[in-house]
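Please read the structure below before turning to the comments.
The values are calculated or read from the model by the stated rules, or taken from the named source; none is laboratory data. Predicted, not measured: the structure shown is a model, and the values here were computed from it. With ideal geometry, Cβ positions are generated from the backbone for all residues, glycine too; neighbour counts draw on all protein chains shown. Just so you know, the surface numbers come from the protein's heavy atoms only, side chains and all, with ligands and any DNA or RNA stripped out. Shrake-Rupley method; radii C 1.70, N 1.55, O 1.52, S 1.80 Å.
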Amino acid sequence: QVQLMESGGGLVQAGGSLRLSCAASGTIYRINSMGWYRQAPGKQRELVATITSGNSANYADSVKGRFTISRDNAKNTVYLEMNSLKPEDTAVYYCNTAVYRYYYSTMTYDYWGRGTQVTVSS
């Protein structure tokens with residue numbers, strides 16, 4: 001009943017920019033935290049950025065100063081603006097969210113998107 005759909009990935013030259021979007025749909029009372037993760041070939045999945053319901057953002061050291069995470073609560077959407085991209089940013093990027101599904105419960109449910117490929121060439 002809840003789906004996350006990522007978009008905006010693609011191929012870009014080093015130094016370029018991309019904007020990723022993730023829209024949540026389904027039975028949702030309120031979205032708590034949202035975040036972006038990535039997984040490069042042969043490596044473990046890693047945190048890129050998270051944003052709380054109060055718009056407090058946290059970033060991995062490798063992307064600080066280059067990436068910006070934001071959210072639009074009315075649209076149940078989270079964005080990741082990626083600037084000054086480097087070849088090491090190449091990975092599949094996944095959207096994640098913790099959702100309050102019902103007004104009568106404080107329990108959250110985690111959901112993951114399908115992922116979108118970001119490739120940065122040198």
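For the range 54-71, check the following and say yes or no: at least one residue is more than 19 Å from Q117 (Cβ to Cβ), polar (S, T, N, Q) and part of a loop (DSSP other than H, G, I, E, B).
yes
Please work out which one of (1) at negative phi; (2) open to solvent by 60 Å² or more (accessible area, probe 1.4 Å) is the condition G65 fails and give its number.
(1)
Out of curiosity, is E46 of a type in the set (D, E, K, R) and open to solvent by less than 30 Å² (accessible area, probe 1.4 Å)?
no
Out of (1) loosely packed, with under 13 Cβ neighbours inside 10 Å; (2) over 16 Å from T119 (Cα atoms); (3) in contact (Cβ under 8 Å) with a residue 24 or more places away in the chain; (4) not aliphatic (A, V, I, L, M), what's the single condition that is false for Q13?
The failed condition is (2).
Within the bounds of the range 81-89, is there any residue that is open to solvent by 50 Å² or more (accessible area, probe 1.4 Å), part of a strand (DSSP E or B) and of a type outside the set (D, E, K, R)?
No, the conditions are met nowhere in the range 81-89.
Given the conditions (1) closer than 12 Å to L80 by Cβ; (2) open to solvent by less than 40 Å² (accessible area, probe 1.4 Å), report the number of the one that Y59 does not fulfil.
(2)
Kindly indicate which of R45, R66 is under 16 Å from L85 (Cα atoms) and charged (D, E, K, R).
Numbers: R45 fails: under 16 Å from L85 (Cα atoms).
Among R45, R66, only R66 is under 16 Å from L85 (Cα atoms) and charged (D, E, K, R).
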